[in-house]
Amino acid sequence: MFRKIVIFCVLFYGINLSLQAHRQDTHLRLSSVLQSRMVIQQNKAFRVWGYADPGTAVRVTADWFAGEVVVRANDTREFLALIDVPAIQAGDFKQHWLTVRSERDEIILDSLLIGDVWLCSGQSNMQFSLKEDQHAAADLPQANQEYLRLFSAGLNFSNEPIDSVSGEWKVCDSTTAKDFSAVAYYMGKKLLDSLHYPIGLIFTGIGASAGQAYVPRSVLASDSLLRVTYLQPYLDSPKSKEKIDGGFSFEKVTRPYLLYNALIHPFVNLSITGFTWYQGESNHLERMPYTRLTQAMIKAWRAAFSQGQLPFYYVLIAPYDHEKRDSTLTEDAFFREAQERIATLNNTAMVVSVDIGGSDNLHPTNKKPLGERLALTALNRTYGRLHVAYEGPRLQCVTYQGNRASVHYMPMSLAGGLRTADNRSPAFFYVAGKDRVFHPAVSVIRGNTIELSSKQVKHPVAVRYAFFNYPETNLQNGAGLPALPFRTDSWPE
């Protein structure tokens with residue numbers, strides 16, 4: 001059953017696409033994301049829209065679609081045509097074409113593929129390029145993937161929602177992949193290898209950006225907490241009166257709603273499968289407001305894309321010591337709790353990253369596991385491959401007896417049982433007594449539970465696991481997926 005959607009297209013003239021979208025001297029133009037070499041979302045209706053002289057009849061044909069769709073441009077020169085796109089089967093890599101005609105002009109898009117499209121956004125750890133990844137030397141020569149297509153949106157800012165974006169759909173190869181998001185590439189490559197049909201990836205984000213930058217102004221304004229926390233301080237500042245241009249600054253990428261208007265809104269009519277998100281470092285001192293902000297963002301994106309409850313999969317911030325090697329510092333641990341609570345929203349899931357090395361580096365170079373875990377999550381949650389494990393050990397409960405505590409995990413998260421990546425005892429378990437002072441625990445795997453004890457705590461009442469800024473953990477399940485950090489106490493930060 002097809003669902004309605006919009007997808008962009010443009011005839012690429014080799015000049016700034018944002019400016020081209022507003023020129024008045026071309027009689028027929030398409031929106032700036034529809035291009036040759038793109039992937040068209042399967043099994044959803046496909047919207048083709050752009051600009052033509054008022055009243056002009058615009059005819060759309062495609063090799064997969066019988067017949068012709070005819071629409072007319074309105075008084076503001078806009079037109080929109082809607083055609084169906086079939087579901088495809090594994091092994092279907094056929095290339096397609098689409099033609100848009102008016103009485104005077106014709107635009108042909110070719111080398112099109114039908115498959116699944118994922119929109120990937122966030123800040124620098126999502127932007128982190130494949131050429132910077134520690135696996136690049138081995139994986140870049142293998143990146144010649146004809147049926148993986150990449151689109152990287154050019155940076156822009158806008159006070160108002162806009163329809164145009166710069167960027168070019170490219171066939172994935174060792175040259176085009178090297179500057180693309182490593183996390184997105186590894187996700188897309190694993191999906192391509194698993195599903196055996198084309199995958200399109202769109203990166204639309206920027207390093208150092210804050211969550212509020214991706215949320216529509218109207219959404220921030222309609223929620224009292226978000227308005228007071230994020231929107232009003234900006235509106236009350238001189239920065240909100242400045243003329244906005246496309247230039248980068250570390251401050252500008254934290255301003256509310258500007259990136260939504262310029263980097264997300266241009267895609268809202270695009271048929272997609274879902275979203276992936278890796279962001280949080282710029283908001284890491286926040287708690288409840290960030291959870292509410294991100295859930296509001298997810299709801300806003302879903303509403304804008306008008307394709308139902310699209311899946312949203314995101315990455316937990318990785319271990320980082322903030323140049324302070326002190327295991328009592330827990331601001332990032334409390335922020336990870338706020339991130340975890342995002343997944344209380346339907347059709348969302350979180351990828352755990354606390355086993356990824358590089359606690360002295362805000363941008364760990366081992367992005368491959370994170371991209372592949374996003375793919376595993378999608379394979380299980382979106383594609384219905386329930387045999388695919390996608391999450392590591394998740395706390396079920398802790399029981400106490402005498403001087404010992406036993407940690408029990410959700411059976412569905414064990415996938416081959418408990419083990420450690422280095423065959424040592426599980427690291428970073430802490431216990432506390434009624435004095436609320438945590439001490440490192442001796443930890444032993446007993447079947448599907450972990451037994452904890454500490455000579456400093458005669459009667460433990462609380463347990464914490466990997467609950468500080470920079471734990472590089474070793475506890476995982478048989479599928480190699482890391483255990484989720486937790487605490488059993490509700491003591492104030």
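The values are calculated or read from the model by the stated rules, or taken from the named source; none is laboratory data. Being a predicted model, the structure only gives us computed values, none of them experimental. Virtual Cβ from ideal backbone geometry, glycine too; neighbours counted across all protein chains shown. Note: areas computed on protein heavy atoms with side chains; ligands, DNA, RNA excluded. Shrake-Rupley method; radii C 1.70, N 1.55, O 1.52, S 1.80 Å.
Residues that are out of contact with any Phe, Trp or Tyr (no Cβ under 7 Å at 6 or more places or on another chain), among the polar types (S, T, N, Q), open to solvent by less than 10 Å² (accessible area, probe 1.4 Å) and not in a helix (DSSP H, G or I) occur in region 118-141; there is at least one.
Here region 99-135 is the region considered, the condition is being closer than 19 Å to Glu372 by Cβ and acidic (Asp, Glu), and the residue that is nearest to the chain's Cα centre (by Cα) is Asp116.
Return the only residue of Arg336, Arg341 being open to solvent by 50 Å² or more (accessible area, probe 1.4 Å) and either at pLDDT 95 or above or among the polar types (S, T, N, Q) (or both).
Details: Arg336 fails: open to solvent by 50 Å² or more (accessible area, probe 1.4 Å).
Going through Arg336, Arg341 in turn, just one is open to solvent by 50 Å² or more (accessible area, probe 1.4 Å) and either at pLDDT 95 or above or among the polar types (S, T, N, Q) (or both): Arg341.
Residues that are closer than 20 Å to His265 by Cβ, part of a loop (DSSP other than H, G, I, E, B) and among the hydroxyl-bearing types (Ser, Thr, Tyr) within region 190-216 comprise Thr204, Ser209, listed in sequence order.
Taken over region 336-356, the residue count meeting the criterion of being in contact with a Leu (Cβ under 7 Å, 6 or more places away or on another chain) and outside any loop (DSSP other than H, G, I, E, B) is 4. For region 87-97, the criterion of being modelled with pLDDT of 95 or more and polar (S, T, N, Q) is satisfied by at least one residue. Filter region 273-330 for residues that are in a loop (DSSP other than H, G, I, E, B), among the charged types (D, E, K, R) and either in contact (Cβ under 8 Å) with a residue 60 or more places away in the chain or surrounded by fewer than 17 Cβ atoms within 10 Å (Cβ to Cβ) (or both) and give the result. Arg287, Asp321, Glu323, Lys324, Arg325, Asp326 - these are the residues of region 273-330 that are in a loop (DSSP other than H, G, I, E, B), among the charged types (D, E, K, R) and either in contact (Cβ under 8 Å) with a residue 60 or more places away in the chain or surrounded by fewer than 17 Cβ atoms within 10 Å (Cβ to Cβ) (or both). Residues of region 452-493 that are of a type in the set (Lys, Arg) and more than 30 Å from Thr377 (Cα to Cα): Lys455, Lys458. Looking across region 49-107, the residues that are small (Gly, Ala, Ser), open to solvent by less than 60 Å² (accessible area, probe 1.4 Å) and not in a strand (DSSP E or B) come down to Gly55, Ala73, Ala87, Gly91, Ser102.
Please verify whether region 363-380 includes one or more residues that are in a loop (DSSP other than H, G, I, E, B) and out of contact with any Gly (no Cβ under 8 Å at 6 or more places or on another chain). Reasoning before the result, please.
Initial filter on region 363-380 (in a loop (DSSP other than H, G, I, E, B)): 363-367.
So of that shortlist, the ones also out of contact with any Gly (no Cβ under 8 Å at 6 or more places or on another chain) come out as 363, 367.
Yes: region 363-380 contains one or more residues that are in a loop (DSSP other than H, G, I, E, B) and out of contact with any Gly (no Cβ under 8 Å at 6 or more places or on another chain).
Of all residues being in contact with an Asp or Glu (Cβ under 7 Å, 6 or more places away or on another chain) and either closer than 26 Å to Ser194 by Cα or aliphatic (A, V, I, L, M) (or both) in region 356-373, which is least open to solvent (accessible area, probe 1.4 Å)? Just the residue, please. Checking each candidate, the answer is Lys367.
Scanning region 240-285 for residues that are in contact with a helix residue (DSSP H, G or I) (Cβ under 8 Å, 6 or more places away or on another chain) and of a type in the set (Lys, Arg) returns Lys252, Arg255. What about Arg404, is it more than 34 Å from the chain's Cα centre (by Cα), on the phi < 0 side of the Ramachandran plot, of a type in the set (Lys, Arg) and surrounded by fewer than 21 Cβ atoms within 10 Å (Cβ to Cβ)? So Arg404 passes the test.
Could you please let me know if Pro266 is touching a Lys or Arg at 6+ places or on another chain (Cβ under 8 Å) and either of a type in the set (S, T, N, Q) or modelled with pLDDT of 95 or more (or both)? No; evaluated as a whole, the condition is false for this residue.
The condition of being charged (D, E, K, R) and touching a residue at least 40 places away in the same chain (Cβ under 8 Å) holds for Glu391.
If the condition is being under 17 Å from the mean Cα position of the chain (by Cα) and among the aliphatic types (A, V, I, L, M), then region 136-154 contributes Leu150, Ala153. Can you tell me how many residues in region 168-213 are surrounded by 24 or more Cβ atoms within 10 Å (Cβ to Cβ), over 30 Å from Gln232 (Cα atoms) and among the small types (Gly, Ala, Ser)? Counting residues in region 168-213 that are surrounded by 24 or more Cβ atoms within 10 Å (Cβ to Cβ), over 30 Å from Gln232 (Cα atoms) and among the small types (Gly, Ala, Ser) gives 6. Of the numbered criteria (1) over 21 Å from Gln127 (Cβ atoms); (2) surrounded by fewer than 22 Cβ atoms within 10 Å (Cβ to Cβ), the one Phe248 fails is (1).
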